[in-house]
Structure formats: structure tokens, C-alpha cells
Amino acid sequence: MTEKNILLIDDEETIQEVVQVGIGIEAGWQVAIASSGWEGINLAQNQQPDAILLDVMMPDMDGIDTLSQLKNNDKTSTIPVIFLTAKAQAEEKNQFQSLGVVDVITKPFNSMTLASKIAKILDWEM
Amino acid sequence: MAGAKKSPTKKLFYEAVFKHSLEAIAILNRQGLIVEVNPAAVRLFGASKKKLVGKAIDNFGQTSLDWRQLPEQGEIQFQQFKGEIKAVEYSLVRDFLPQYNLLILRDISEVRLNALAQLKLHHQRVELFSEVTLKIRQSLQLSEILQTAVAEVQRILQADRVLIYQVFANGTGMLIEEAVLPEYKPILGMKFPEEVFPEEYRQLYTRGRVRAIADVRAADAGLAECLIEFMDEWMVKAKLVVPILQNFKSTTEPEGDRLWGLLIAHQCQATRQWTDFEQELMQQLADQIGIALSQGELLENLEGLVAERTAELRQEISERAKAEAALRRSEEQLRLIANGLPVLIAYVDRQQHYRFNNRAYQTWLGLSPPEIYDRHLLQVHGAAEYQQICQYVATALRGETVTYERDLLLQDGCVHSLSITYIPHLQEQDKVQGFFALTSDISDRKAIERMKDEFISVVSHELRTPLTSIHSSLKILATGKLGSLSTQGERMLKIADEQTERLVHLVNNVLDLQRIQSGKITMNKQACHAQELMLEAVQAMKTLAQEQDIQLSVRGSDFMVWADRDYIVQTLTNLVSNAIKFSPSNSTVVLSAANEPQPKPHLKQQSTSYITFAVRDRGQGIPQDELETIFERFQQVDSSDSRKKGGTGLGLAICRQIIEGHGGRIWAESCLEQGSTFYFTLPELIQLESDRHD
């Protein structure tokens, strides 16, 4: 199994924790945490993660604005972004994909199967 | 023989005949000159024999007369010596003796004059009769007819008194009309008992008897003493009585003349010999009175009928007026109600012209009544708006009710959300006459819906995030990687995990239902194989079925339907999930699809082909009275089901929304203790493909 570095941008601390622990247990990947869009963009530039899990609904800068910044930044534009959202439905999923996200994972999700989902989306071997 | 006289000679006979003949005889020679005339001829020509002999007979002709050309018999006129014109019949015997001609003439001047006088008299009588008849007939009023009749008879006959006596059914009678000279006492109104005019007399008069009595006192008059006294009292010297007969028509008795009364003329001054003419005139006038009476009765009958019909018509008119007044009141009430309603009401005819609108319509559109009434939709709403609504107008004019929503900038400067319904006005043979347009402002409802949507969205988001944490935490704990739990601890963890799953499911369903109902979901319809849809649902439910020891079976041909794949699989999955939950172990849940015609009740004119899907289980069954309510939110057959079986109570409500969103129908049939079958229909692809090609 190839070790992957994942960046989670989500303002919910409990989500941060269960994702970090779940992915760690399931796949043994490293999960870096950012609690806001700005922090996420900085971390993404510096750490160049393999994939970014981005929450859509966040205070100040929401997921859509953060995505826009990431895609407009040469250093981060190629990093695959997966949206985490409680709102996403089929038609919104299409809308988000047109903005440049690879896929959408709908809350509530099971963090113990999250790594498998990401691997399937990004076609990674596990 | 002694004393015997000698018989006269023939010559003497002839001479006597010639001399005493009343016919004028003239003997003419070959040239037509008179050679001999008898005394009658002398009288006829008005000249002495001496003057006549030697004169040419031609000279006596009123006009030039050529005796040679005269036929043997005929009539001619000639002039006497004193100038008088005479009309004569003649007989000419040519050559009665050699060289001599015999001319016999008879004076017919008097006969002619008499005939002419008779003719004139007859003519005068006819004219008189016509004149009186006309006067009598001019009126159809009985009293006027009788009055005219007595007045005219009195005038023409110069009678002193003329009466009309009416005979009543019981034999009594009364003098009902009179024309009398002022010097004599009137007897109008006098009544007579039956004895005065008994049945036998009435019979005689009915048969047409006419009594002309020149002298009432004369023995041949045959009047009873009492009657003579009566006549004396009224100074009657002579009288003429004729019957007034009326042609009697009856449906129950034989037709015939009925004695209506008598027309009586009195002469008071002196006795009077009544001439035939007078009698005839009286009779004819009485006949005319009879005819007039019949006409009068007919008129009375007719007037009766007219009066009856008039009364009926008055009644009808009165009732109609009442009905119209009621209709006007009803219309007024309707208008008041229509004006009082906070909705826009209008009626538009087939040609798309406004025929009615309530006050709100004017207020909202900011238009005066003339700017709406009789105007075309295009004129009232403008080209841009008309373009938007014309498809709905066309639907209504095809006879289908249609409802749509529009956001419009109204007179108050605000954008209003409007719900507009067109209801077709159908008359005989379902012909569309126009449509009723009902428009209501749903801005408030829309605002509430938006608030509700936002609320559900926020709540679901706010629930989903902690649920993710709880769910994930439990899953992590369950791995045992963070440490071991006691058996009871693991049991508690399992309960927490299952209930979290249920909560997740509920939140997902609430959001699903809300989104479908709000119309935010766009069905991504495409061609789908019915069998593939069923197999996909079976695949998703395979694990659950195995856990419950249930077999899943798919049957049916491979029909094509026009549907949103994901939503139909969701529907099938939901139905199969329910079937598994409520089926006993070791039973089979059967999925099938068939092309069975299912009428679509709200569309009369279109018949679309539908594929019917069925999911059949062998479960406990559903009571008949709950087969409909189970498709409503949070409605389960047993309220404990949701706890036992883990359902949310929203699954079937979501299924119904999805199927109705496809233009299909969903329902259930069930037999208690034997199982239930859930059906839904979807449009078959063939129909829609042909539509798409159009």
C-alpha cells in the first residue's frame, strides 16, 4: 500500500479527528488538518498533499471560494480536490464537478471506509 | 132550309181576322212598298192607312233597313211617324202570294220596359240587401249587430216598430232589441213566459215559417184573442215575423238549425199587405243575423281562448320576469363574491378574448374594464408575456385543465409569484367554449416554502455533520484498534451504531423528499431497460436478502422505459427493501414488469402506453383501508414497524413523488396473511421516442 498524504480542510474539529483517525486506521495515510480555507491553501502550497478533502460549508471563506483559489494557484492547481458536503445531491454534484472538483462525498460518511472511497475516486491502489 | 143563314165565306173570315188581329200585318210588293195594312199596323206605325200605303217599309227603320236582307224572323226597331221608337218582333213570309210578301209585327216595347223595370228593382234590392248585410257584418259585437239589424229593417221597410225577440233554452223569451218610431211606445226588455211561444210554434219557426199578417184583427190571421188584445195595447195593426236560425254545431248532438229568436216588424199606423220582397228581405236579414250570431259566438269562443292564453302568457311572463330577476340577483351576488375574492377571476372565450373579469383583475393589472373586456390576451398582456402563456392557453382550449406558476411584476411595483389555473369551459359534445382563468398570489406561500427549504437544508446539514462524527467514531471503536470492550460494551456499541445508521437514513430521506417535493430535482430521463433496473435494485438488496433468508427473483420481458435511472432504482430498492423486511424467511420476493394498459384518469384524450412494475412479497399483508395512506409521510401499517424494521416512514412517500414525477402511478394491492404487491407505472419508450421525433 502506497502511503498518501491527505489534506483535510474542515472547520469541524470532530470531523477533523474522526477523519484523521479513520483514514489512519483504514489505510495508514497521513492526514494534515486545516480549519479554514486560508490555512488549507497555505498548507497545500507548502506540503503538496496527494489529495485535498474540502468541506463546502465553512465560515469566512467557504469551500467553493477555497477551491477557486486552489485552482488559480499554479502550486496547487493540479492537486485533486474532493468535496465533503452535507448538501450535495446529484445535480449539485455535477455543478461542483464543473468547478474542478474530482468528486463529492456526502455527509454523513463513515470515516472507516473513507480511504477506500478516496482511492476508488482517484484510482489509487490500496 | 127555312130560317137558316148562309155561312160566311172564307174571305169574310180572313177579312175579320185581318181586321181584328192584334198583330200588325203589312203586305209588301216586290219592291218592299206597303200595299195593304190592317188596323193594328196603323196603330203600330202611328199613321193612317192612306199615309202608309205606297211607302217603302225600309223608311220606317230607325237605322237604314234593307228588308230584302231581313231574316224570316227577328226583332227590329223602327220609328213611328210621330217619332216614337218601337221595338217589335216580326215574321216575314216572302212571296206568300206571287209578287207579294207578308210582314207580321208585334209591339214588344211594353214588355221590354216592364222587364227592365223588374231588373232594376231586383238590382236595387240586391244592392240594398248587400248594404244591410255589410252593415250587420261590420261588427262582431252581438249587441251592435242586433241594433244595426233592427234599425236597417225599420228604415227599409218603413215599419213603425222592428223587434228582436230572443228565445231561451227553457222556452221563455225577451225582446232584446227594438227600433221604434217616437210616436209609439217602446216595448224593449219585455219578457214572455213559455206559454206565449209554445214548443209547437217554436218547431214551426225552426222549420222556416214566415208569418205575414196584414191585419191582426182579420179572421184569417188566426190570432188568439189574448194576442189580439196585446196587439191592441201596443197599437199593432199588421206584423211580419221571420225566424232567426242559427246553424248549430255540436259534438254530442246532430247538426241542424236552432231557433235563436224572431225578427218582427210591426205596422201600427194602418194594416199592411206585406209584399213578397219585404218578406224575402226580412228573411234574408234574419239569416244574416243568424250567421253573424254564429260568428259572434265563434269570436266569443276565440276571445275566451285568447283571454285564457293571454292569462297564461302573463303568468309565463311574470314567472320569466321573476326568474330573470332571480338570475340578476344571483349574478350580482356572484359578481360581489367574485369581486370580494382576493384572487383574479376571468373568463376567456375560444377566440382568446376576455368576456368576464373581477375587480381584483383590474386592480392587479392596473387596467380599466374597457382595457380588458373583449380584448385579446395578446393586447392585455403584451407580446412577451403572451409568448410565455400561450402554451397553457392552447392546453386549456384543447379541453384540459392546466396549472402553472409565473413571477410577474404587478401594478404595485413588486414581483409576485402567481399560481394560474385554466379550467376549460366544455359544452355539449365536450366542445370547448373558452376557459376560466383563476390566478392567486402565492408569494407568501413561496416565501414560506423557501424558508422551509432553507430550514431543512440547514437542519439536515447541522445534523449530518455531528452524525458523521458519531457514525465514524462508532465505526472506529468497532474496529477494536483503539482498545477492547467488554461483551456488554460491544453490545451497546452495536446498538449505537445501528441507531446512528437509522438516523442517517432518516435525515437522508427527509432531505430527499423535501427536494423532490419542492421541484428542485430535475429528472434526468433516459432510455432504460426495465429488467436492468430491477436487477440493479436486486443487486443492491442482495446482502440484506441473504441476511433474512429471502430469495429475490426477477421476471418479465425486457421492456424499455423513459426514466431517471437512479431514481427508479431508488424506488425499486425501497420497495424490495420493504418486501424483504416484511417477508417471512425462506420466501421469495418477485420483481416483474409487464406491458399492461393502465388508463390515466386525468387525461381524456391521450392514451399513453405504460409499463407496469410489480414487487410481490409473501408478508403479513396490508389492511384494505390503509392501502392508500401508506404512501403518505410517516404512515406505517404498524407504528412499531419503524422501530422493529428500521424504516423511516418516508420511503413510500419518496417513491410516490418519484413515480408521479415520471407521469406514472403507484399503488398497492394486498391480501392479509398472503402478501402484498406494490405496482408502479412508467411511460413506455416507444411512445415517447415517436414524440421526440415529431
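Just one residue in the set B:SER484, B:SER472 is closer than 27 Å to A:LEU114 by Cβ, open to solvent by 80 Å² or more (accessible area, probe 1.4 Å) and without any contact (Cβ under 8 Å) to a residue 40 or more places away in the chain; that residue is B:SER484. Set side by side, the residues B:VAL458, B:VAL432 differ, and just one is within 14 Å of chain A (Cβ to nearest Cβ) and farther than 15 Å from B:ALA346 by Cα, which is B:VAL458. Residues in the stretch B:515-568 that are within 13 Å of chain A (Cβ to nearest Cβ) and assigned to a helix (DSSP H, G or I) were compared, and the one that is surrounded by the most Cβ atoms within 10 Å (Cβ to Cβ) is B:TYR567. Applying the criterion of at least 1 residues that are modelled with pLDDT under 85 and under 19 Å from B:GLY171 (Cα atoms) to the strands (runs of 3 or more DSSP E) found wholly in the stretch B:183-282 leaves B:238-248, B:256-267. On the basis of being away from chain A (no Cβ under 14 Å), outside any loop (DSSP other than H, G, I, E, B) and on the phi < 0 side of the Ramachandran plot, does B:SER440 make the cut? Judged against the criteria, B:SER440 is a match. Pairing each residue of the stretch A:105-117 that is more than 7 Å from chain B (Cβ to nearest Cβ) with any residue that is assigned to a strand (DSSP E or B) and of a type in the set (Ser, Thr, Tyr), provided the two are 6+ apart or on different chains, yields C-beta distances under 8 Å for A:ILE105/A:THR85; A:THR106/A:THR85.
Each row is one residue, and each column tells you yes or no for (1) in contact with a helix residue (DSSP H, G or I) (Cβ under 6 Å, 6 or more places away or on another chain); (2) in the same structural domain as B:LEU650 (by TED's automatic domain parsing).
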site: B:GLY483; (1), (2): no, no
site: B:GLY489; (1), (2): no, no
site: B:ASN508; (1), (2): no, no
site: B:ALA527; (1), (2): yes, yes
site: B:ALA530; (1), (2): no, yes
site: B:GLN539; (1), (2): no, yes
site: B:LEU544; (1), (2): yes, yes
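Out of the stretch A:19-41, which residues are closer than 25 Å to A:THR113 by Cβ and assigned to a helix (DSSP H, G or I)?
Listed by number, the residues that qualify are A:VAL19, A:GLN20, A:VAL21, A:GLY22, A:ILE23, A:GLY24, A:ILE25, A:GLU26, A:ALA27, A:GLY40.
The condition (being closer than 18 Å to B:SER21 by Cβ and open to solvent by 50 Å² or more (accessible area, probe 1.4 Å)) is satisfied by just one residue among B:LYS82, B:LYS49, B:LYS86: B:LYS49. With respect to the conditions (1) surrounded by 14 or more Cβ atoms within 10 Å (Cβ to Cβ); (2) not assigned by TED's automatic domain parsing to the domain that holds B:GLN352, B:GLU454 lacks only one, and its number is (1).
Suppose we filter B:TYR165, B:TYR184 for residues that are open to solvent by less than 50 Å² (accessible area, probe 1.4 Å) and touching a Leu at 6+ places or on another chain (Cβ under 7 Å); which single one remains? Reasoning before the result, please.
Working: B:TYR184 fails: touching a Leu at 6+ places or on another chain (Cβ under 7 Å).
The conditions single out B:TYR165.
A count restricted to the stretch A:49-83 and to residues that are of a type outside the set (Val, Ile, Thr), within 14 Å of another protein chain (Cβ to nearest Cβ) and touching a helix residue (DSSP H, G or I) at 6+ places or on another chain (Cβ under 8 Å) stands at 7. Residues of the stretch B:116-137 that are open to solvent by less than 80 Å² (accessible area, probe 1.4 Å), of a type in the set (S, T, N, Q) and either over 30 Å from B:LEU293 (Cα atoms) or free of Cβ contacts under 8 Å to residues at least 24 places away in the same chain (or both): B:SER130 alone.
Are any residues in the stretch A:1-26 out of contact with any strand residue (DSSP E or B) (no Cβ under 8 Å at 6 or more places or on another chain), of a type in the set (A, V, I, L, M, F, W, C) and buried (at least 22 other Cβ atoms within 10 Å of the Cβ), and if so, which ones? Please lay out each step first, then the result.
Within the stretch A:1-26, the first condition is being out of contact with any strand residue (DSSP E or B) (no Cβ under 8 Å at 6 or more places or on another chain), and the residues that meet it are A:1-2, A:13-14, A:17-18, A:21-22, A:25-26.
In the following step, the residues that additionally are of a type in the set (A, V, I, L, M, F, W, C) were identified as A:1, A:18, A:21, A:25.
If the condition is that a residue be out of contact with any strand residue (DSSP E or B) (no Cβ under 8 Å at 6 or more places or on another chain), of a type in the set (A, V, I, L, M, F, W, C) and buried (at least 22 other Cβ atoms within 10 Å of the Cβ), then A:VAL18 is the only one that fits.
Report whether or not A:ALA44 is within 14 Å of chain B (Cβ to nearest Cβ), open to solvent by less than 10 Å² (accessible area, probe 1.4 Å) and in a helix (DSSP H, G or I). No. Quick one: would you say B:LEU113 is touching a residue at least 12 places away in the same chain (Cβ under 8 Å) and either hydrophobic (A, V, I, L, M, F, W, C) or part of a strand (DSSP E or B) (or both)? Considered against the rule, which asks whether it is touching a residue at least 12 places away in the same chain (Cβ under 8 Å) and either hydrophobic (A, V, I, L, M, F, W, C) or part of a strand (DSSP E or B) (or both), B:LEU113 comes out as no. Of the residues making up the stretch B:401-416, one or more are closer than 27 Å to B:SER518 by Cα, modelled with pLDDT of 90 or more and touching a helix residue (DSSP H, G or I) at 6+ places or on another chain (Cβ under 7 Å). Taken as a whole, the structure places B:LEU503 among residues that are in a helix (DSSP H, G or I), over 60 Å from the mean Cα position of the chain (by Cα), facing chain A (nearest Cβ under 10 Å) and under 25 Å from B:GLU632 (Cα atoms). Filtered by the rule that a residue be in a helix (DSSP H, G or I) and more than 8 Å from chain A (Cβ to nearest Cβ), the stretch B:479-488 gives B:THR487, B:GLN488.
So which strands (runs of 3 or more DSSP E) stay within the stretch A:49-126 end to end and still have 2 or more residues that are open to solvent by 40 Å² or more (accessible area, probe 1.4 Å) and touching a Pro at 6+ places or on another chain (Cβ under 8 Å)? Strands (runs of 3 or more DSSP E) meeting the threshold: none at all.
Between B:PHE45, B:PHE81, B:PHE129, B:PHE60, which is under 30 Å from B:ASP287 (Cβ atoms) and either modelled with pLDDT of 90 or more or among the aromatic types (Phe, Trp, Tyr) (or both)? Walk me through it before giving the result.
Details: B:PHE45 fails: under 30 Å from B:ASP287 (Cβ atoms); B:PHE81 fails: under 30 Å from B:ASP287 (Cβ atoms); B:PHE60 fails: under 30 Å from B:ASP287 (Cβ atoms).
Among B:PHE45, B:PHE81, B:PHE129, B:PHE60, only B:PHE129 is under 30 Å from B:ASP287 (Cβ atoms) and either modelled with pLDDT of 90 or more or among the aromatic types (Phe, Trp, Tyr) (or both).
The values are calculated or read from the model by the stated rules, or taken from the named source; none is laboratory data. Note that this is a predicted model, so its numbers are computed, not measured. Heads up, the Cβs are rebuilt from the backbone with ideal geometry, glycines too, and the neighbour counts pull from every protein chain shown. Quick note on the areas: whole protein, heavy atoms, side chains included, nothing else; ligands and nucleic acids left out. Shrake-Rupley method; radii C 1.70, N 1.55, O 1.52, S 1.80 Å.
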